[in-house]
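Beneath this line is the structure, given in structure tokens, with notes to follow.
Only the coordinates and a few stated rules stand behind these numbers; no lab work does. These figures come from a predicted structure and were not determined experimentally. Because the Cβ atoms are built from the backbone with ideal geometry, glycine has one as well, and the counts that use them run over all protein chains shown.
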Amino acid sequence: MRKNIVAGNWKMNTTVPEGVALAKEVNEALKGATVNCDVIICTPFTHLVPVAQSIDSEVLGLGAENCADHEKGAYTGEVSAAMVASTGAQYVILGHSERRQYYGETAATLREKVALALANGLKPIFCIGEVLEEREAGKHFEVVGKQVEEGLFNLSAEDFGKIILAYEPVWAIGTGKTATADQAEEMHAFIRGTVEKKYGKAVAENTSILYGGSCKPSNAKELFAKPDVDGGLIGGASLKCGDFMGIVSAF
């Protein structure tokens, strides 16, 4: 049975002391709550080691927000999958729309990142989603289907089974706009169907697909009630423990 997951993406926010304090606060809140989903925080690279040392990995998962598309070498400023794994992190966000938009990440780049993440025992949270122009032109299914196929369908069924998908309508990230629960369900069902055509029903049914577009405590319950929405990849609301736990409690 696939897992329900709430993952926080801190993006380029918090200093190391602020991040450690927030991680500890979330960890303690989880210990005192009945939780019906896996909970993960994905932090800046600088935070991974001290956060890993400050939380209980049985209670709270830890991930990075990216990794390099090379194993090692003369790539100044890059952080490899092996480096991420060595911090104690278990997850890595790959293909986030901000990486695609601002840093020109392509399907070929992402295939390399996914392969290296898996080789180092990390579970990729692989992001897909359309921009506003693509949705308005009616191309949203075509765009998202292509992102899944080009980024992941080189994997064996066994390796694909280690992937968490995150659908993020780019037009709903940080804009205050949110896809309706019905729009989210429609796309998630399409994504699951796309996976089923390639890998079969069992793999598709076991793939967690998260929603990532301005998910808040006020709309999480409605979104998570949909049969193909298995949780959320949370941006801004993950930076406040109360808001983040409000989303976790939607399960």
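Worth pointing out:
- Rg [Å, one decimal], Dmax [Å, integer] - the chain, C-alpha atoms: 16.8, 47
- Amide H contacts of T178 (H built 1.01 Å from N, in plane; Pro and chain starts excluded): no residue 5 or more places away or on another chain comes under 5 Å.
- Cross-link reach is defined here as a Cα-Cα straight distance under 12 Å, omitting same-chain residues fewer than 8 places apart; for K226 the aspartates and glutamates meeting it are D182, E185, E186.
- Amide H contacts under 5 Å for I234, placed H, 5+ residues apart: A7, G8, N9
- Partner lysines whose Cα lies under 16 Å from the Cα of K197, excluding those fewer than 8 positions away in the same chain, are identified as K146.
- Each Cα pair under 8 Å and six or more residues apart adds its separation to the average, and for segment 4-53 the resulting relative contact order is 63 percent.
- For D38, distant residues with modelled amide H under 5 Å away: N4, I5, V6
- Whole-number D in µm² s⁻¹ for segment 84-130, Kirkwood Cα-pair radius fed into Stokes-Einstein, 25 °C, 0.890 mPa s: 223 µm²/s
- Computed E for K31/E71 - FRET, C-beta separation, R0 35 angstrom, nearest 0.05: 0.40
- Lysines whose Cα lies under 18 Å from that of K72, excluding same-chain neighbours fewer than 8 positions away: K113
- Length gained on full extension, T180 to T46: 44.7 nm, using 0.36 nm per residue less the C-alpha separation.
- 16 Å cut-off, amide nitrogen to a point 7 angstrom out along Y103 Cα→Cβ, residues in segment 42-64: 42-48, 63-64
- For segment 12-67 and segment 153-210, distance of Cα centres in Å: 24 Å
- Rounded if a/c under 1.5, otherwise prolate or oblate - segment 7-47, Cα gyration tensor axes: oblate
- Applying a DSSP loop filter and a limit of 13 other Cβ atoms within 10 Å to the chymotrypsin sites (Phe, Trp or Tyr not before Pro) in segment 68-121 leaves Y75.
- 15 Å cut-off, amide nitrogen to a point 7 angstrom out along S54 Cα→Cβ, residues in segment 1-43: 10-11, 13-30, 41-43
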